[in-house]
Structures are given as C-alpha cells and as structure tokens.
Amino acid sequence: MGASSFQQLEVWRKAHAVVLAIYRLTSGFPREELYGLTSQLRRSMVSVAANIAEGFSKKGKADKMRFYNIAEGSLEESRYYLILAYDLSFADTRELLTALDEVGRMLRSYIAAINRSRLSPRNLLSLLLF
C-alpha cells in the first residue's frame, strides 16, 4: 500500500530530523548571527523538508521533480552553511554533514526512481517507501 502522506516517506523523516537538529545546534550560535547564519541555515534546511512535502502532493511527474530539485538545491545550501559554521568554530557540524549526505542519497534515489518509472506517481510511492 502506498503512502497517504509525506510524513510516511523515510526521506522526509530523515530531513525533518536534520531540521530539528539544526534548530538545536543554531540555538548555541553567537547572538549576532541570529539574522545571519542562524536564520539562513534554518531556512535552507526547512526548505529541504518542506519541498519534499510539497512535491509529494503534486500529481504530475514534472511538478514533483521541480519541488524535489529545489529540495536538492536547498540541501547543498545547507551543506555550505554547516561547513561555514564549522570553519568559524561555531560548532562541530561533522555529524550533521553526514546526516545531510544520507538525506541527499535518499532524495537522489527517490528522484531517480520517479524518473525511471512509468507508473503514476501515487502507485510509485508504494514502491518507494524507504
């Protein structure tokens, strides 16, 4: 049986877990970064999970792919911000970078499966519950 909501997708669950971890991490960033790196990092990672969620509800393959592609871009943006936070000695972000790698692999696999599929997006979901 296919997923009835984005919350059942393992890739979304992993991305959401990273969002929560980033909120915890950035709460310890310097106060002067509240409207800088803290805000940018939070927004970019929220965009990953949000675009996975929004893409789930789209009926056409092209629409789905657009949102998943945006999620991939936001994932790479988040990766840069985590590298920057590490280089600025704000936090040890290595574990989160590893978590981003996992989300990225899952998202790329999900996208590749949708691209290869001749099934309707809804039927495809039953095959893709990671």
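The values are calculated or read from the model by the stated rules, or taken from the named source; none is laboratory data. Note that the structure is predicted; figures quoted are calculated from it, not measured. Reconstructed Cβ throughout: ideal geometry from the backbone, glycine too, with neighbour counts over all protein chains shown.
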Conditions (1) small (Gly, Ala, Ser); (2) at pLDDT 95 or above; (3) in contact with a helix residue (DSSP H, G or I) (Cβ under 6 Å, 6 or more places away or on another chain) -> Ala113 fails only (2)
In the range 54-77, which residues are farther than 21 Å from Gln7 by Cα and in contact with a helix residue (DSSP H, G or I) (Cβ under 7 Å, 6 or more places away or on another chain)? Glu77
For the range 43-51, indicate whether the set of residues that are surrounded by fewer than 17 Cβ atoms within 10 Å (Cβ to Cβ) and either among the acidic types (Asp, Glu) or modelled with pLDDT of 95 or more (or both) is non-empty. yes
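Inspect the range 31-45 for any residue being under 23 Å from Tyr110 (Cβ atoms) and of a type in the set (A, V, I, L, M, F, W, C) and give the result as yes or no.
Yes, because at least one residue in the range 31-45 is under 23 Å from Tyr110 (Cβ atoms) and of a type in the set (A, V, I, L, M, F, W, C).
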Kindly indicate whether Thr93 is at pLDDT 95 or above, over 30 Å from Ala3 (Cβ atoms), of a type in the set (Val, Ile, Thr) and touching a Leu at 6+ places or on another chain (Cβ under 8 Å). yes
